[in-house]
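Report on the following structure.
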Amino acid sequence: MAKIWQKSVTVNELVESFTVGRDREFDLQMAAFDVLGSLAHTQMLESIGLMSADDLGLVQKELKHIYKDIEKGDFIIQDEVEDVHSQVEMLLTQRIGEAGKKIHSGRSRNDQVLVDLKLFFRHELQQVVKETTTLFRQLIELSEAHKNILLPGYTHLQVAMPSSFGLWFGAYAESLADDLEMVLAAYKITNKNPLGSAAGYGSSFPLNRTLTTKLLGFDSLNYNVVYAQMGRGKTERVIAQALSSIAATLAKMAMDQALYLSQNFAFVSYPDTLTTGSSIMPHKKNPDVWEIMRGKCNRLQALPNDVAMMTTNLPSGYHRELQLLKELLFPAFTDLRNCLHMATFMLQNITVNQNILDDPKYAYLFSVEEVNRMVLNGTPFRDAYKQVGLAIEKGDFNPDKQVNHTHEGSIGNLMNGEITAAFDQLVSNFDFGKVEQAIKNLVS
């Protein structure tokens, strides 16, 4: 089958294979969003007189049938068809005739793929927020449940000062809240409508871009049509930064878990069903889930650089290598969602050691506590520091293993309520309800 842009000469098969690559595979993931874009675009065409009401009725009805087929998994891109846009247009034309040929007026594949990507990214970011929220709530729950259980804090991998499981779990919860700030920025940049920019220079048709913006639930337009095209690559780079921020939090938590599960630490444990063993060492309980998560998330932290290297020094306008960004971003969403889901699952089954500090090697944890106690009793800080240091050197240090931290964010005042309130406020800023209602209106 000829391409929709093809005149008479057939493209060499080797060129075809090299340039298309895995694009059809990723286009399938955008199929539902391509239909949504066409549902909005055709409504707009009818509103400006470029499509009759009768043709619009035929097109809308069949597009909704295709949308349902996609939801059921009954949609494919045929081998001889170039991309998802061509497949949808071909199906329409086969099923309803001439009206199907009219849907492309006023747009190019450039802005069609742009709007598909924006809708896809918007949906994927919503799923990331959902999984992040579930993990956040699990961490806050664990922080509250174990807030009175102490564990060693480390600096330079040396025993430092008392910490607590309340602090440890709560720290990662607050880290996710900051990560969500970056996701919100990425979502806001994503949630702008490029449709109507055509090949990057607009159209001589009197398009109503404000209407398609409203129909698709976008917050606003990419106003300048040249910038709308320039946004491809930039949007992906901002999203990559947001995903890598969450990945960095998960990678650090995974590393902590791998350490804490080892016999040398033994701070936490998991059921045997969630760890793996050794083919020759019967005592092993390996933290494979956390190790795989650490590897995946470390790889995700390279994502912004991968996107940047694909797009650096490109002039304005469309360039074919932008297609390759799908190969970077689409699997990244899947990997991050899976890591978030598995982190929640593992933490739902964690057991913490309640008697860690009974081990004498942790006695020095309380050196600062002892210095502070002496200062509160009137000893100058430098004198107290020296006295405690000499006691440690002589082996005469026998601290009181009690902590009395009350300031904001400390062992005795976790501020989990404030962290949760800040997180919830962030989530409310995404306004997913508006988007869901817009899509419901389009397909109903």
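Some points to look at:
- Per residue, the chain exposes 49 Å² of solvent-accessible protein surface, assessed with a 1.4 angstrom probe and all protein chains in place.
- Put simply, the chain fits an ellipsoid with semi-axes of 56, 23, 19 Å; these come from the alpha carbon gyration tensor as the roots of five times its eigenvalues, largest first.
- In Å², nearest 10: area of residue 128 left accessible to a 1.4 Å probe: 0
- Using a probe of 1.4 Å, the accessible surface attributed to residue 188 totals some 110 Å² when neighbouring protein chains are kept in position.
- Helix 381-394 and the longest principal axis of the C-alpha atoms of the chain enclose an angle of approximately 70°.
- A simple charge model with +1 on the Cβ of Lys and Arg, -1 on the Cβ of Asp and Glu and nothing else charged puts the dipole of the chain at about 580 debye relative to its Cα centre.
- Amide H contacts of residue 153 (H built 1.01 Å from N, under 5 Å, at least 5 apart or other chain): 160, 161, 163
- Exposure ranking of 227, 187 by accessible area [1.4 Å probe, largest first]: 227, 187
- Accessible carbon and sulfur surface of the chain relative to its total accessible area, %, 1.4 Å: 52
- Structure-based [θ]222 nm, the chain - -39500 (n - 2.57) summed over DSSP H runs of at least 4, per residue, nearest 500: -20500 deg cm²/dmol
- Rg and Dmax over the alpha-carbon atoms of region 1-146 stand at 19.4, 71 Å.
- For residue 118, the aspartates and glutamates whose Cα comes closer than 14 Å to its Cα, not counting residues fewer than 8 places off in the same chain, are 27, 34, 219, 236.
- Taken over the Cα atoms of region 228-378, the convex hull encloses 201 Å³ per residue.
- Principal axis extents of the C-alpha atoms in region 128-198 (largest first, rounded to whole Å): 61, 28, 11.
- Where only C-alpha atoms are counted, convex hull volume of region 65-127 per residue in Å³: 107
- Overall dimensions of region 79-192 as given by Cα atoms, namely Rg and Dmax in Å: 24.6, 76
- Volume of the convex hull of region 371-435 (Cα atoms only), normalised per residue: 137 Å³.
- In terms of distances greater than 19 angstrom between alpha carbons, the cross-link table entries 130/434; 64/440; 214/434; 68/326; 252/284 yield 68/326; 252/284.
- Placing +1 on the Cβ of every Lys and Arg and -1 on the Cβ of every Asp and Glu, with nothing else charged, gives region 286-331 a dipole about its Cα centre of roughly 80 debye.
- Along its three principal directions, the equivalent ellipsoid of region 398-444 from the Cα gyration tensor extends over semi-axes of 47, 9, 5 Å, largest first.
- Ordered from highest to lowest accessible area with the whole protein assembly present and a 1.4 Å probe, 236, 393 read as 393, 236.
- Its relative contact order, with pairs defined as Cα atoms under 8 Å and 6+ residues apart, puts region 140-195 at 30 percent.
- Residue 292 accessible area, 1.4 Å probe, all protein chains in place, Å² to nearest 10: 100
- Contact order for region 38-146, expressed relative to its length and based on alpha carbon pairs under 8 Å spaced 6+ residues apart, stands at 21 percent.
- The long axis of helix 23-47 is offset from the longest Cα principal axis of the chain by roughly 60 degrees.
- Neighbours of residue 207 by Cβ distance under 11 Å: Lys/Arg scored +1, Asp/Glu scored -1, total +1.
- Figure note: 345, 265 ranked by solvent-accessible area, largest first, 1.4 Å probe, ligands and nucleic acids not counted: 345, 265.
- Debye-sum result for region 98-159 in log10 I(q)/I(0), which assumes one identical scatterer on each alpha carbon, at q = 0.14, 0.21, 0.30 Å⁻¹: -0.70, -0.92, -1.10
- Under 13 Å from the Cα of residue 102 - aspartates and glutamates, other chains or at least 8 residues apart: 46, 54, 55, 89
- The reciprocal of the average 1/r between distinct C-alpha atoms defines the Kirkwood hydrodynamic radius, which for region 181-285 equals 17.9 Å.
- Using C-alpha pairs below 8 Å separated by at least 6 residues, the relative contact order for region 351-400 is 37 percent.
The values are calculated or read from the model by the stated rules, or taken from the named source; none is laboratory data. Please read all numbers here as calculations on a predicted model, not as lab measurements. Note that each Cβ is placed from the backbone with ideal geometry, even for glycine, and that neighbours are counted across all protein chains shown. Surface accessibility is based on the protein's heavy atoms, side chains included, excluding ligands, DNA and RNA. Shrake-Rupley method; radii C 1.70, N 1.55, O 1.52, S 1.80 Å.
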